[in-house]
1. Please name all residue pairs, on different chains or six or more residues apart, with Cβ atoms under 6 Å, provided the first residue is in the range 119-132 and is closer than 12 Å to L108 by Cα and the second residue is surrounded by 11 or more Cβ atoms within 10 Å (Cβ to Cβ) and polar (S, T, N, Q).
2. Please go through the range 52-85 and pick out each residue that is at pLDDT below 90, assigned to a loop (DSSP other than H, G, I, E, B) and closer than 22 Å to G110 by Cβ.
3. In the set T3, T44, which member is at negative phi and at pLDDT below 75?
4. Would a scan of the range 16-26 turn up a residue that is aromatic (F, W, Y), crowded, with 18+ Cβ neighbours inside 10 Å and part of a loop (DSSP other than H, G, I, E, B)?
5. Working carefully through the options G110, G117, find the one that is of a type outside the set (S, T, Y), on the phi > 0 side of the Ramachandran plot, within 20 Å of the chain's Cα centre (by Cα) and modelled with pLDDT of 70 or more.
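The values are calculated or read from the model by the stated rules, or taken from the named source; none is laboratory data. All values derive from a computational prediction rather than experimental measurement. Positions of Cβ are generated from backbone atoms using ideal geometry, with glycine treated the same way; all protein chains shown enter the neighbour counts.
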Amino acid sequence: MATAKIVLDTRHKKPDNRYYVAIRITDDRRSKYYPCTHKKYAMTDSGIKDTLDLSRTFTKTEFDRIVNAKRRSDIETDYEIAFTSFRHRANEIINSLNTFHFETFAKLWGKKRSMKGTLKSEYENKIAALAWQKNLNVW
């Protein structure tokens, strides 16, 4: 069973000792990281504020405070809500798949960016997502 966890992506260090936040998906002892930088990845009713900058980087101390602190500031609480929303969305995708594949998760998560925004790409993404959910291979 695949699991989702919000982590700092320490594989790519910024010059100011900061890191991006990513969601780590682990299945069968293999892990892959996916970005958590856009509000579209979150649930629609998540309550993520429009003023929240999800593409910013965090230090390890800032991230630990957001995730583990009992007393948070308002902005830390907002980021914690956003991170929880990303994790819930990832779990929804994982649970919707009959058999888990990283490629399928990436398509449903929104990592695929080719021809983004065209009507044809939207139809192809929807068809692929439905086919994988039903375990049909229409291609």
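1. Pairs that qualify, where the first residue is closer than 12 Å to L108 by Cα and the partner is surrounded by 11 or more Cβ atoms within 10 Å (Cβ to Cβ) and polar (S, T, N, Q), are W132/T104.
2. L52, D53, L54, S55, R56
3. Numbers: T3 fails: at pLDDT below 75.
None of the other options fit; the residue is T44.
4. The first filter runs over the range 16-26 and keeps only residues aromatic (F, W, Y), leaving 19-20.
From the residues that got through so far, the ones that are crowded, with 18+ Cβ neighbours inside 10 Å too are 19-20.
From what's left, part of a loop (DSSP other than H, G, I, E, B): 20.
Yes: the range 16-26 contains one or more residues that are aromatic (F, W, Y), crowded, with 18+ Cβ neighbours inside 10 Å and part of a loop (DSSP other than H, G, I, E, B).
5. Result: G110 is the single residue among G110, G117 that is of a type outside the set (S, T, Y), on the phi > 0 side of the Ramachandran plot, within 20 Å of the chain's Cα centre (by Cα) and modelled with pLDDT of 70 or more.
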